[in-house]
Amino acid sequence: MENSLNPMQQKIVTIAANTAIGNLDVLHTELNAGLDAGLTVNQIKEVLVQMYAYAGFPRSLQGINTFMTVMEERKARGINDPEGPGASPVTDTRDKYTRGREILKKLTNTDQKTITGANTFAPAIDSYLKEHLFADIFERDVLTYQERELATISALAAMAGVDPMLRSHLSMGMNVGLTGTQLNQLVAVIGTFIGEQQGENARRILDKLLDKK
């Protein structure tokens, strides 16, 4: 289907979602499927590392440990998966807060010079988000912004109680070029691999956003 998620993108969805909820048996299967679909070792590592920012270190580390097991099993079967490029060195000499603010501006299509809400109430979180999440992590070019948003949306769609964040990242996904077709397919994958309730909740939020477009 035109503008649909390709096999590698679909596996980013299932890997991120199952990591976020700690469904390690399914994750084991999906990690194998991701490699078979053409994701590099470094791309999968990057998804698993990014998950700590959204689901916490325990989930991320369990995902990484599961991936280590998958890699050992595949090597024992004589499968040599491509490592893929690592992150390019950062050449931007501006401070991380400024770089992170610029990246967030690209994702949200909103100038981030004025902080509001939780960022004003707890300014430390504003610094952590811009300097670490959006500079240290999103700046790494192992994954594109689209791929990072696919992973983030999938994790949030799989988790309970984070609807405002899911809504925000669905919007960010659209801002970086994910189409309504692709996001609808992502929601369908969540419904199939994670659960009907999670899929229906994500569908409801996505439909409201698409209605406003």
What percentage of the solvent-accessible surface of segment 1-55, computed with a 1.4 Å probe over protein heavy atoms, is contributed by carbon and sulfur atoms?
50 percent
Towards the positive end of the charge dipole of segment 90-210, with charges on Cβ (+1 Lys, Arg; -1 Asp, Glu), say which of Ala118, Leu156, Ile194 has the farthest Cα.
Ala118
At a threshold of 8 angstrom on Cα-Cα distance, excluding pairs fewer than six apart, so keeping six or more, what relative contact order does the chain reach in percent?
26 percent
Using Stokes-Einstein with the Kirkwood hydrodynamic radius over Cα pairs, what translational diffusion coefficient do you get for segment 130-181 at 4 °C and a viscosity of 1.567 mPa s, in µm²/s rounded to a whole number?
113 µm²/s
Give the carbon-plus-sulfur fraction of the accessible surface of segment 73-112 in %, rounded to a whole number; probe 1.4 Å, heavy atoms of protein chains only.
49 percent
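Say R0 is 45 Å: what FRET efficiency, to the nearest 0.05, do Phe121 and Thr181 get from their beta-carbon distance?
Numbers: r = 38 Å, r/R0 = 0.84.
For R0 = 45 Å, the calculated efficiency reads 0.75.
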Just grab the label-to-label distance for Leu210 and Asp95, each label 7 Å out from Cα along the Cβ direction, in nm (one decimal).
4.3 nm
Is segment 9-53 best put as rounded, prolate or oblate by its Cα gyration tensor, with a ≥ b ≥ c the root eigenvalues, rounded for a/c under 1.5, and otherwise prolate when a/b is larger than b/c, oblate when not?
oblate
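Under 1.5 on a/c is rounded, so check that first for the chain, then, if it is not, pick prolate when a/b is larger than b/c and oblate when it is not; a ≥ b ≥ c are the square roots of the alpha carbon gyration tensor eigenvalues. Could the numbers behind the result be given before it?
Values: a/c = 1.69, a/b = 1.24, b/c = 1.37.
It comes out oblate by the Cα gyration axes.
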Heavy-atom accessible area of segment 131-213 with neighbours in place, 1.4 angstrom probe: carbon+sulfur share in percent works out to 50 percent
Where does each of 34-45, 116-127, 84-95 land if you order them by average Cβ count within 10 Å, highest first?
34-45, 116-127, 84-95
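Would you mind getting the accessible area per residue of the chain, heavy atoms of the protein chains only, 1.4 Å probe, in Å²? Write down the numbers at each step before the final one.
Values: 10600 Å² over 213 residues.
In whole numbers, the chain has 50 Å² accessible per residue.
The values are calculated or read from the model by the stated rules, or taken from the named source; none is laboratory data. Not measured: the values here are computed from a predicted model. Don't worry about glycine lacking a Cβ; one is built from the backbone with ideal geometry, like all the others, and counts go over all protein chains shown. All accessible areas refer to the heavy atoms of the entire protein, side chains included, with ligands and DNA or RNA removed. Shrake-Rupley method; radii C 1.70, N 1.55, O 1.52, S 1.80 Å.
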